[in-house]
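> The following block contains the structure, expressed as structure tokens.
The values are calculated or read from the model by the stated rules, or taken from the named source; none is laboratory data. Note that the structure is predicted; figures quoted are calculated from it, not measured. Quick reminder, even Gly has a Cβ in these numbers, built from the backbone with ideal geometry, and neighbours come from all protein chains shown. We work out accessible area using only protein heavy atoms, side chains counted, and drop any ligands, DNA or RNA first. Shrake-Rupley method; radii C 1.70, N 1.55, O 1.52, S 1.80 Å.
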Amino acid sequence: MLPTWNVDLDVYGPITINRVINFRQRKELNYHDRLYSNIEINKNGRHGVKITATAFSNELIYAKKAALYFVGQAIDTLSFSVNLPIYLSYTANRISSPKAEEVRRIIEDEEWVQSFKDARLYNLTEPTFLRALGWYRKGLCSDDPFDKFLAFWNSIETITSKYNPNKANCNDRGSKCHMWECFKSVWGEIQEWKVIPNQELWIDQNYDTRKDIAHGIASIDIEVIEQIIPKIEVINEVAFEFIKDWKEKMLNPNVTPEIREKLI
């Protein structure tokens, strides 16, 4: 049996809890024995919460990494579920003081448990969708407008490039076509698209913005930043509505008997 470690993680953001929360969550993916991590969540004043998770490793450094990976995926699912920026850090590595939040969303016991369960389900069946949730949280948490735009765009593109049900329509037509087809699949014709109805150039224009930022073509000056900032609110809304509706209408995790056993 591997040695067991307790790892403290700071979870910052406009969230809190009513009481100390304790539960167990299965965590191993490929290890031959079942491993259950004990999770304890405590209030951390106006800064969020502190999570203590057990990790299993022969070395301290890998115990830290395992805890960050395990808890981080649950935070990705929770951050999307409540649509709030939630930051995660290893307590000993914290450099600056986190922001004191004046208004905090109470995260109930069952929401924490569900976030860990969902993260495990997606990890085992839909890792691409889980990565999209990670990109979305990065978009919520970033302060840099270029990074925010790219993260929200990536959260959409990660899903559309993988899951487009009409890939035959997009031979050699690239990621813009995949996005168009997925928007149609989940929302119908362009007149019915959420947030951006009838905006037939939205995908092309934002793809060009993404390309300019990612390739370093866009200059980092006040004028360009002022052009990007208004686009962030819209792409944030598009990303949230698209991911939410894709999850509800299109995502169908393949829970085989082998996977089902790993979810117990």
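> Yes or no: E192 out of contact with any Pro (no Cβ under 6 Å at 6 or more places or on another chain), more than 30 Å from P14 (Cα to Cα) and surrounded by fewer than 17 Cβ atoms within 10 Å (Cβ to Cβ)?
In short, yes.
> Here's something else I'd like to know. Based on what the data block shows, is S115 open to solvent by 40 Å² or more (accessible area, probe 1.4 Å), of a type in the set (S, T, Y) and modelled with pLDDT of 95 or more?
no
> Which residues, counting only those in the range 26-45, are in contact with a Ser or Thr (Cβ under 7 Å, 6 or more places away or on another chain) and farther than 20 Å from M1 by Cβ?
E40, K43
> Shifting gears a bit: Given the conditions (1) under 24 Å from L78 (Cα atoms); (2) out of contact with any Lys or Arg (no Cβ under 9 Å at 6 or more places or on another chain); (3) open to solvent by 50 Å² or more (accessible area, probe 1.4 Å), report the number of the one that Q199 does not fulfil.
(1)
> Here is a list of conditions, (1) farther than 22 Å from P85 by Cα; (2) not in a loop (DSSP other than H, G, I, E, B), and K244 meets all of them except one; can you say which number that is?
So K244 meets the others, but not (1).
> Name the single residue that is surrounded by the fewest Cβ atoms within 10 Å (Cβ to Cβ) among those in the range 126-166 being among the basic types (K, R) and under 22 Å from P14 (Cα atoms). Don't jump to the end; show me each part of the working.
Step one: filter the range 126-166 for residues among the basic types (K, R), giving 131, 137-138, 148, 162.
In the following step, the residues that additionally are under 22 Å from P14 (Cα atoms) were identified as 137-138, 148.
On the way: R137: 24, K138: 19, K148: 22.
Restricting to residues being among the basic types (K, R) and under 22 Å from P14 (Cα atoms), the top hit is K138.
> Kindly indicate whether S161 is among the hydroxyl-bearing types (S, T, Y), under 21 Å from K244 (Cβ atoms) and in contact with a helix residue (DSSP H, G or I) (Cβ under 8 Å, 6 or more places away or on another chain).
Against the criterion (among the hydroxyl-bearing types (S, T, Y), under 21 Å from K244 (Cβ atoms) and in contact with a helix residue (DSSP H, G or I) (Cβ under 8 Å, 6 or more places away or on another chain)), S161 qualifies.
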